[in-house]
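The values are calculated or read from the model by the stated rules, or taken from the named source; none is laboratory data. Model, not experiment: these values are computed from the prediction. Please note: Cβ atoms are built from the backbone with ideal geometry, for glycine as well, and neighbour counts cover all protein chains shown.
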Amino acid sequence: MSSELFIRRPVLTTLLMSAIVIFGVMAYRLLPVNDLPNVDFPTIQVSALLPGASAETMASAVATPLERQFTTIAGIDSMTSTSALGATQITIQFTLSRDIDGAAQDVQAAIAKAAPLLPPGMPTPPTYQKVNPADQPVIYLALSSPTLPLYTVDEYAQTNLAQRISTISGVAQVTVFGSQKYAVRVQVDPRALTAQLTTVRERLGGAIVPGEHPVLAATATELGEYFGGTRQHFDLPVRQRGSPFQMRVWHALCEIPYGRTRSYADIARRVGSPDAVRAVGAANGRNQVVIVVPCHRVIRADGSLCGYGGGRWRKQWLLDHERRRGAGPAG
């Protein structure tokens with residue numbers, strides 16, 4: 001019946017359709033426009049780690065060489081980097097016309113070119129992944145422990161929790177925040193180092209040249225584990241030069257349990273010379289491999305600290321470090 005009305009009155013039909021078109025055009029011009037449309041820009045995020053390095057070192061020694069190589073890639077719209085303690089993140093956003101897979105291959109090639117310019121102490125090469133900067137985490141998991149140190153909790157989150165969550169279908173990315181990893185920083189006194197090297201050259205009768213050696217690499221690894229609280233005994237092939245008496249004293253030092261102390265008199269009795277307390281003290285001071293041969297575990301008979309080549313405050317720190325993580329009070 002409604003269609004019959006429009007057929008019988010063509011003028012009315014024409015006017016009505018014209019009105020609908022006019023109001024439609026006017027309404028279209030008033031429709032709101034989204035200032036931030038949901039557009040997925042091709043974006044790649046590069047991560048690099050150097051445990052123990054400051055934010056300034058990460059920016060100058062790690063981020064800068066990478067950024068110089070990335071600037072040669074075609075189609076980059078913007079590039080931002082963030083450096084923190086031991087970590088650097090570089091976010092590269094490409095134009096919409098750039099294929100994300102091709103961009104990823106260019107980023108990988110740029111990382112390979114920058115590798116010789118990066119610090120040699122990096123545990124792993126820089127990694128990259130395709131990301132969407134508009135994405136936000138949909139769930140946060142907080143881990144804490146009243147007994148375990150933070151670096152142990154971080155290791156559990158990295159090696160167990162994060163890896164298992166990443167295998168769940170639909171999970172795009174898992175990030176662990178608030179991590180704490182142990183790193184050893186060594187500040188060297190140039191004058192003291194020169195004196196020590198001179199002594200070593202005179203004793204060995206040879207020259208000392210820079211280089212790498214498996215024993216040095218193992219030493220760095222085991223010392224890092226010691227300061228991280230995960231190692232109590234060293235497995236390094238230690239070979240010192242000294243008199244037979246000194247060798248017995250150094251061997252007795254290695255037998256002092258982790259987290260405990262002994263006096264000079266205890267060591268003298270241990271080596272079969274109970275009256276040679278002063279000689280034990282002299283041999284202790286001639287120890288050439290501190291920490292590995294734990295001369296810091298020797299104290300006076302009354303329990304007070306005696307001399308230490310690195311300073312008494314370092315000796316106290318080492319003893320406190322071992323007692324916090326080791327067997328218990330002094331013996």
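Brief remarks on what is shown
- Residue selected from the range 258-315 under the condition small (G, A, S) and under 26 Å from T230 (Cβ atoms), by the criterion surrounded by the fewest Cβ atoms within 10 Å (Cβ to Cβ): G311
- Only one of the numbered conditions (1) without any contact (Cβ under 8 Å) to a residue 60 or more places away in the chain; (2) exposed (fewer than 15 other Cβ atoms within 10 Å of the Cβ); (3) among the acidic types (D, E) is violated by D40, and that is (1).
- The condition of being surrounded by 14 or more Cβ atoms within 10 Å (Cβ to Cβ), assigned by TED's automatic domain parsing to the domain that holds A112 and either touching a Ser or Thr at 6+ places or on another chain (Cβ under 8 Å) or not aromatic (F, W, Y) (or both) holds for S81.
- Matching option when the condition is outside the structural domain of Y128 (by TED's automatic domain parsing), surrounded by 10 or more Cβ atoms within 10 Å (Cβ to Cβ) and either basic (K, R) or at pLDDT below 80 (or both), among R29, R9: R9
Residue-by-condition table, conditions (1) in the same structural domain as L305 (by TED's automatic domain parsing); (2) hydroxyl-bearing (S, T, Y); (3) under 14 Å from P294 (Cβ atoms):
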| residue | (1), (2), (3) |
| --- | --- |
| S243 | yes, yes, no |
| V249 | yes, no, yes |
| A252 | yes, no, yes |
| E255 | yes, no, yes |
| Y258 | yes, yes, yes |
| R262 | yes, no, yes |
| I267 | yes, no, yes |
| V271 | yes, no, no |
| R278 | yes, no, no |
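- Checking the range 245-255 against the condition returns no match, with no residue being more than 30 Å from T152 (Cβ to Cβ), surrounded by fewer than 19 Cβ atoms within 10 Å (Cβ to Cβ) and polar (S, T, N, Q).
- All of Q196, Q187, Q163 fail the test of being surrounded by 13 or more Cβ atoms within 10 Å (Cβ to Cβ) and of a type in the set (S, T, N, Q), apart from Q196.
- T152 vs. criteria of a type in the set (S, T, N, Q), outside the structural domain of L49 (by TED's automatic domain parsing) and exposed (fewer than 11 other Cβ atoms within 10 Å of the Cβ): no
- Residue match in the range 215-228 (condition: part of a loop (DSSP other than H, G, I, E, B) and either touching a residue at least 12 places away in the same chain (Cβ under 8 Å) or touching a His at 6+ places or on another chain (Cβ under 7 Å) (or both)): yes
- A single entry from A87, A48 fulfils the requirement of being of a type in the set (A, V, I, L, M) and under 18 Å from P116 (Cβ atoms): A48.
- Condition check for R98: among the charged types (D, E, K, R) and in contact with a Leu (Cβ under 9 Å, 6 or more places away or on another chain): no
- Of all residues in the range 81-95, those that are over 9 Å from V62 (Cβ atoms) have Cβ atoms under 9 Å from Cβ atoms of residues that are basic (K, R), 6 or more apart or on another chain, in G86/K181.
- Cβ-Cβ under 8 Å pairs, at least 6 apart or on other chains, the range 56-80 side within 17 Å of A104 (Cα to Cα), far side among the acidic types (D, E) and assigned to a helix (DSSP H, G or I): I73/D106; A74/D106; M79/E67
- Looking across the range 113-162, the residues that are over 23 Å from I90 (Cα atoms), assigned to a loop (DSSP other than H, G, I, E, B) and small (G, A, S) come down to A142, S144, S145.
- Residue count for the range 101-128, restricted to those that are charged (D, E, K, R) and within 16 Å of F70 (Cβ to Cβ): 2
- Within the range 121-140, the set of residues being at pLDDT 80 or above and of a type outside the set (D, E, K, R) comprises M122, P123, T124, P125, P126, T127, Y128, Q129, I139, Y140.
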